[in-house]
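Trainee: Quick one: structure below, then a few questions.
The values are calculated or read from the model by the stated rules, or taken from the named source; none is laboratory data. These numbers come from a predicted model, not from an experiment. So basically every Cβ, Gly included, is an ideal-geometry build from the backbone, and we count neighbours across all protein chains shown.
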Amino acid sequence: MACFGCRCGFSLVGVQKWRLTRTFQRCGLIERQVQIDDQTSIHCWVSKPFAKHQELQKIPRRKSLLLLHGFGASAIFQWAGQINAFHKQFDLIIPDLIFFGGSTSSSEERSEIFEAASMARLMHDIFKVERYHVAGISYGGFVAYRMAYNYPERVQRVVLTDSPGVVMVRSDYERMLSTHGVASTADLLLPETPADVRRLLQVAYYRPPWVPNFLLRDTLQVMFSEMVEEKRGMLVKLLEYLDKPEVPLPKLTQDVLIVWGEQDEIFPLSLAQRLQEFLGKKARLVVLKEARHASNIEKPREYNRAVLEFLLREGA
């Protein structure tokens, strides 16, 4: 791991990860590594009913909520602001998406359809959950959308956070690249230098935190140095639909909550409005002011309130 320019191996990002681990544990979550087939292993945090110990499996289950993180980091870094509120109402399953954190696969597949099928297998085959809600941030929203479309009998309600799903078109993508002066999304989302990390923070946050260079190097090493080529392949695969969109576009039948940072500079608010219009009356849009792409991190109270009101509403 990177350090303060010394050779001690100390990592502040590693310390933060340890603190987040303790937070997850205090909320009653248990860390598991699950083999879903002979190629794919998924690391996840789960509520006690999904623990492997028989005595814990006897605990009565509540409604289940699957949380899918976005590009750039593992689940523990992106959902920390939500678990204290969510674990009081739901049994949680919080996996690292494949090729992030502790989730790996020898498969050559890189699509969000592969991710969705793997997460569905985790829910259905491993944890035996018949019906559940799913919430996804950014790339995790693409996976959540595909899960909801492919498994409508399983997925009840859907929360999409700063994630345009199927309504993004080539011109939106080209505009994003032009805005940030990059040649591809990988240049933005897969930083290679401390300066790249700083740019990503400035794009993701309405009020970007000031981070010294040594901590940028630490962040780069801890959060962005592993399975890089696999992640590049994921981005390439995700964007293939821009040139070959499905006809007709897959449309969800579930109730959907769309949550968006008003100042999102990766996926602008106009995409959220377009997604709401496409999904129709079953979709509701909540806009978080003074927030960009990391809206659930910047505005955790407002985000948590909106999600809980939606998921706990009568009929869920």
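Trainee: Residues of region 167-202 being assigned to a helix (DSSP H, G or I), among the β-branched types (Val, Ile, Thr) and more than 20 Å from the chain's Cα centre (by Cα), which ones?
Mentor: 179 - this is the single residue of region 167-202 that is assigned to a helix (DSSP H, G or I), among the β-branched types (Val, Ile, Thr) and more than 20 Å from the chain's Cα centre (by Cα).
Trainee: Scan region 91-120 residue by residue and report those that are without any contact (Cβ under 8 Å) to a residue 40 or more places away in the chain and either among the polar types (S, T, N, Q) or out of contact with any helix residue (DSSP H, G or I) (no Cβ under 8 Å at 6 or more places or on another chain) (or both).
Mentor: Hits for region 91-120 are 108, 109, 114.
Trainee: Output the number of residues of region 203-214 satisfying the condition of being in a helix (DSSP H, G or I) and either in contact with a Phe, Trp or Tyr (Cβ under 9 Å, 6 or more places away or on another chain) or under 14 Å from residue 266 (Cβ atoms) (or both).
Mentor: So the count comes out to 3.
Trainee: For the condition without any contact (Cβ under 8 Å) to a residue 40 or more places away in the chain and of a type in the set (A, V, I, L, M, F, W, C), what is the one hit in 236, 222, 259, 228?
Mentor: 228
Trainee: When you scan region 121-145, how many residues do you find that are in contact (Cβ under 8 Å) with a residue 40 or more places away in the chain and assigned to a helix (DSSP H, G or I)?
Mentor: Total satisfying the criteria: 12.
Trainee: Just checking, does region 251-271 include any residue being at pLDDT 95 or above, part of a helix (DSSP H, G or I) and crowded, with 19+ Cβ neighbours inside 10 Å?
Mentor: yes
Trainee: Then there is this: Would you mind finding the one in 86, 90 that is at pLDDT 95 or above, surrounded by 16 or more Cβ atoms within 10 Å (Cβ to Cβ) and touching a Ser or Thr at 6+ places or on another chain (Cβ under 9 Å)?
Mentor: Going through 86, 90 in turn, the sole match is 90.
Trainee: Looking only at region 281-316, filter to residues that are surrounded by fewer than 17 Cβ atoms within 10 Å (Cβ to Cβ) and acidic (Asp, Glu); which one of those is nearest to residue 72 (Cα to Cα)?
Mentor: By that ranking, first place goes to 290.
Trainee: What is the one condition in (1) modelled with pLDDT under 95; (2) assigned to a helix (DSSP H, G or I) that residue 316 does not satisfy?
Mentor: (2)
Trainee: Moving on. Output the number of the condition that residue 99 fails; it satisfies all remaining conditions of (1) surrounded by fewer than 21 Cβ atoms within 10 Å (Cβ to Cβ); (2) in a helix (DSSP H, G or I).
Mentor: (2) is the only condition that residue 99 fails.
Trainee: Going through region 279-305 one residue at a time, which ones are within 15 Å of residue 82 (Cβ to Cβ) and hydrophobic (A, V, I, L, M, F, W, C)?
Mentor: Of everything in region 279-305, those that are within 15 Å of residue 82 (Cβ to Cβ) and hydrophobic (A, V, I, L, M, F, W, C) turn out to be 286, 288, 291, 294, 297.
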